[in-house]
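**Q** Submitted below is the structure of interest, expressed as structure tokens.
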Amino acid sequence: MPPKPTRPMPSEIELHPLTITINGEARSLRVAPWTSLLDLLRHDLQMTGTKKGCDHGQCGACTVIIDGERINACLKLAVTLDGASLTTVEGLATDGRLHPLQSAFIEHDAFQCGYCTPGQLCSGVALLDEGRAGSREEIREMMSGNICRCGAYPNIVDAIEDVMRQRSALKEAAE
Ligand code: FES
Ligand code: FES
């Protein structure tokens, strides 16, 4: 009887080269074709700031910023990101100073357990940079992909609105 075909072991699988900039640092990696960006970050690179909630694109806990766009890392295959520039929650602070939205989250008490917070922060930072939201309602709508089981929504919107106001005040002062 001919031997049964066997599934290839992980070590026999061809790994794909991936060059990606993560929080300003260029990285040359090798990844299995099925590795999600979320697993690459959390398991391969031990960057556990980005959280895994549903792993199905429904909770927003894994939100990161790729080339300025908010993306659910659990839905993105790492191999598709060759040449991309990625920001995770670990990259929001600069030179030891928190991003203004991180400070606003603290000031407005915008979290309880904190599990959704890295995703909320990345989503909020990209939303502010998009400059599309002009009101509380629009902030709520555009943040609706980020679920908070603790129900900190009003405080999260307060924090984002606060930074939005700070930015427009700075812009007005500069004009
Ligand atoms: S873990 Fe990615 S959307 Fe829930
Ligand atoms: S702070 Fe607990 S899930 Fe949002």
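The values are calculated or read from the model by the stated rules, or taken from the named source; none is laboratory data. Please read these numbers as outputs of a predicted model, since none were measured by experiment. Cβ atoms come from the backbone with ideal geometry, glycine included; neighbour counts cover every protein chain shown. Keep in mind that these areas ignore ligands, DNA and RNA; they rest on the heavy atoms of the full protein, side chains included. Shrake-Rupley method; radii C 1.70, N 1.55, O 1.52, S 1.80 Å.
**Q** Counting only residues that are surrounded by fewer than 19 Cβ atoms within 10 Å (Cβ to Cβ) and part of a loop (DSSP other than H, G, I, E, B), how many does the stretch 66-79 have?
**A** 2
**Q** Specify which of the listed residues (Leu127, Leu92, Leu86) is farther than 30 Å from Ala32 by Cα, under 18 Å from the mean Cα position of the chain (by Cα) and either aromatic (Phe, Trp, Tyr) or at pLDDT 95 or above (or both).
**A** Only one candidate qualifies: Leu127.
**Q** Enumerate the pairs (first residue in the stretch 28-50 and without any contact (Cβ under 8 Å) to a residue 40 or more places away in the chain; second residue anywhere and open to solvent by less than 30 Å² (accessible area, probe 1.4 Å) and among the hydroxyl-bearing types (Ser, Thr, Tyr)) with beta-carbon separation below 8 Å, excluding pairs fewer than 6 apart on the same chain, so at least 6 apart or on different chains.
**A** Leu38/Thr50; Arg42/Thr50; Asp44/Thr35
**Q** Does any residue of the stretch 52-60 turn out to be part of a helix (DSSP H, G or I), at negative phi and either within 16 Å of ligand 2 (Cβ to nearest atom) or buried (at least 22 other Cβ atoms within 10 Å of the Cβ) (or both)?
**A** No, the stretch 52-60 has no match at all.
**Q** For the structure I just gave you, tell me whether Pro118 is open to solvent by less than 80 Å² (accessible area, probe 1.4 Å), in a helix (DSSP H, G or I), within 17 Å of Glu69 (Cβ to Cβ) and of a type outside the set (Phe, Trp, Tyr).
**A** yes
**Q** Determine which member of the set Asp162, Asp67, Asp95, Asp158 is within 23 Å of Leu18 (Cα to Cα) and more than 16 Å from ligand 1 (Cβ to nearest atom).
**A** Criteria check complete, one pass: Asp67.
**Q** Please go through the stretch 86-103 and give me each residue that is of a type in the set (S, T, N, Q) and exposed (fewer than 14 other Cβ atoms within 10 Å of the Cβ), ordered by number.
**A** Once the filter is applied, which keeps residues that are of a type in the set (S, T, N, Q) and exposed (fewer than 14 other Cβ atoms within 10 Å of the Cβ), the stretch 86-103 yields only Thr94.
The rows are residues; the columns are (1) outside the structural domain of Arg30 (by TED's automatic domain parsing); (2) assigned to a loop (DSSP other than H, G, I, E, B); (3) crowded, with 23+ Cβ neighbours inside 10 Å; (4) more than 13 Å from ligand 2 (Cβ to nearest atom).
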residue: Gly49; (1), (2), (3), (4): no, yes, no, yes
residue: Val64; (1), (2), (3), (4): no, no, yes, yes
residue: Phe105; (1), (2), (3), (4): yes, no, yes, no
residue: Gly114; (1), (2), (3), (4): yes, yes, no, no
residue: Ser123; (1), (2), (3), (4): yes, no, yes, no
residue: Asp129; (1), (2), (3), (4): yes, no, no, yes
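**Q** Which one of Gly83, Gly134 is open to solvent by 30 Å² or more (accessible area, probe 1.4 Å), out of contact with any helix residue (DSSP H, G or I) (no Cβ under 7 Å at 6 or more places or on another chain), more than 16 Å from ligand 2 (Cβ to nearest atom) and not assigned by TED's automatic domain parsing to the domain that holds Leu18?
**A** Gly134
**Q** Only residues that are in a loop (DSSP other than H, G, I, E, B), open to solvent by 40 Å² or more (accessible area, probe 1.4 Å), within 14 Å of Leu121 (Cα to Cα) and touching a residue at least 24 places away in the same chain (Cβ under 8 Å): list them for the stretch 141-175, please.
**A** Result: Gly145, Ile147.
**Q** Sticking with this structure for a sec: Would you please name the residue that is nearest to Gly60 (Cα to Cα), looking only at residues in the stretch 137-175 that are among the basic types (Lys, Arg) and in contact with a helix residue (DSSP H, G or I) (Cβ under 9 Å, 6 or more places away or on another chain)?
**A** In this case the residue turns out to be Arg140.
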